Amino acid sequence: MSAADASADLPKAAGMSRAKAPALVNISWVALALMTTASVASLRPAPTMAIYGLAAIFLYLVPAVVFLLPTSLVSAELASGWEGGIYKWVSTGISKPMGFLAVWCQFAMTIFYYPSLLGFVAATLAYVINPDLASNGVWTALVIMVCYWSGVFISSRGTKGVAGLASGGLIIGTLIPGALLILLGAAFLGQGNPSAAPMTAENLLPQWAGLASLVLIVNNFLSYSGMEMNAVHVSSLRNPGKEYPKSMFLAMGLVLLIFILPALAISWVVPAEELSLTAGVMQAFDAVLAVFDWQWLTPIIGIALVAASLGGMLTWLAGPSKGLLLISREEGYLPPFLQRLNKHGVQQNLLVTQGLVTTVIALGYALIPDVSSAYWIFSVITTQVYLIMYLLMFVAAIRLRRSHPDHPRGYRAPMLIGLCGVGFAASLAALLVGFIPPSQFGGGNPWIYFVIVAGGALGLGLLVPWLFYRFRKPSWKLPQEPGLAEQSEVKES
């Protein structure tokens, strides 16, 4: 993470080596905005949303108003007043055990996020090299493992490199390809071609299909999850109080543009009936480029999309595990082995342990013929766990405003209680909708689905952290490394 001032060696507990914090290292608020955008937005959902044509604007704006706006503004106030991310906010606003629960939920969500994201990387690379590899489980497993462990190696070198790679991945693999899609779509219309999707006022709203439509809207809430995650890096800014809110507002704007405009551009060029059967964003790019005989760009776009996905993975590696480490060292919630730092002050053992789980999941692709349905249910479970964190964040924000009204804040969110109420309701709605079996579940018994999801969410989100809390020992408390509480890098001597 970022470095803090350090002018002298500080003593550690007996048996531990002395440490010295290096010179202060900052990242700009623009870089943090790009890191945040990289962790939230991508072009992956563009083809899926393009089938709704102009209604895609509505399907993205409603969740943006009730979820993206509250999470962004509330986390901006919290980060400008309390450094340390979600663990510090909930610990101070509610209690330290609840702070541990919140940061655990943020961390646990990533267990299945990495295989999902890197599975997309494997499919995209396969499209560039040999499309037949996309259905090859061994190929998918190898790509997941190689990419994850490479990310651990990069993250273990410190935050500054992560910020640069994540920002570069976003620009190369999301902003530039997205802008290309928009320009080609506009050029297509400019040549006098009719839009493949009607662009009239009556098409602004999606056709209402009852509960299915509600599920579609609520599921898009989760497209915006992660806006608060990079708040753990707030002390890396030169002026956190002013720069973090600016960073969040820039990220909000970029996220909306990345989600909405490319989806519209695809809907102008490619008919919905073709998109509904495609396997992903690479086919959509290929179809758009084919209109202009530019298909030679398709492999280049594929490599760029891979760069964006890997940049997003690096931001998730750097954030949640650091928050879990910080509160665990303060309160002794994790065994000392998982709290150990490398010479760069990075929680390498925690990342490696998480990587072992990721490797097991990756091997499932290679060894289990039909792992997709079970894996999809696990993905839903981790999403439910993540929503628990948001519920705690909104409650903590209200309590902090009431219990610490005069605490210095670089930014004060307008109508905070209203924002938290809307965000809490949206998060709760998304959590409840997660218990409704989707079309992927087929004709299975909905009660079996409910029991699996509920049991998994309670186990991963509540039982596991409770076990850590219940069996913690006083000896698990470790003194902070110099500057660690300020998200610094530490170099052991």
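The values are calculated or read from the model by the stated rules, or taken from the named source; none is laboratory data. As the structure is a prediction and not an experimental result, all values here were calculated from the model. FYI the Cβ positions are ideal-geometry reconstructions off the backbone, even for glycines, and counts take in every protein chain you see. When the accessible area is computed, the model is the full protein with side chains, heavy atoms only, and any ligands, DNA or RNA have been set aside. Shrake-Rupley method; radii C 1.70, N 1.55, O 1.52, S 1.80 Å.
Annotations
- Here the gap between Tyr469 and Asn193, fully extended at 0.36 nm per residue and compared with their Cα-Cα distance, gives a gain of 93.1 nm.
- Debye equation applied to the C-alpha atoms of segment 96-188, log10 I(q)/I(0) at 0.18 Å⁻¹: -1.05
- In Å, descending, principal axis extents of the Cα set of segment 60-122: 41, 30, 16
- Descending by average beta-carbon neighbour count within 10 Å, the peptides 79-89, 329-339 line up as 79-89, 329-339, the highest first.
- Relative packing of peptides 128-136, 469-477, 180-188 - highest average C-beta neighbours within 10 Å first: 180-188, 128-136, 469-477
- Within-15-Å neighbourhood charge of Pro245 [Cβ basis; K, R +1; D, E -1]: +1
- Backbone HN-Hα couplings from phi across segment 283-300 [Karplus 6.51/-1.76/1.60, Hz, Gly and Pro as x]: 5, 5, 4, 4, 5, 5, 5, 4, 4, 9, 6, 10, 5, 4, 7, 4, x, 5
- For the set Phe58, Phe221, Phe153, the ranking by accessible area, highest first and with no ligand, DNA or RNA atoms included, is Phe153, Phe58, Phe221 under a 1.4 Å probe.
- For Thr383, the solvent-accessible surface computed with a 1.4 Å probe is close to 40 Å², ligands and nucleic acids excluded.
- Sequence-distant residues sharing a close amide H with Gly345 (under 5 Å, placed H): Val490, Glu492
- Taking all protein chains together, Leu478, Leu32 sort by accessible area into Leu478, Leu32, largest first [probe 1.4 Å].
- Cα-Cα over 28 Å, subset of Lys242/Lys473; Lys96/Lys322; Lys246/Lys343; Lys242/Lys343: Lys242/Lys473; Lys246/Lys343; Lys242/Lys343
- Where labels lie 7 Å past Cα in the beta-carbon direction, separation of Leu204 and Trp294 in nm: 3.1 nm
- Accessible area ranking (1.4 Å probe, heavy atoms, ligands and nucleic acids excluded), largest first, for Leu261, Leu68, Leu391: Leu261, Leu391, Leu68.
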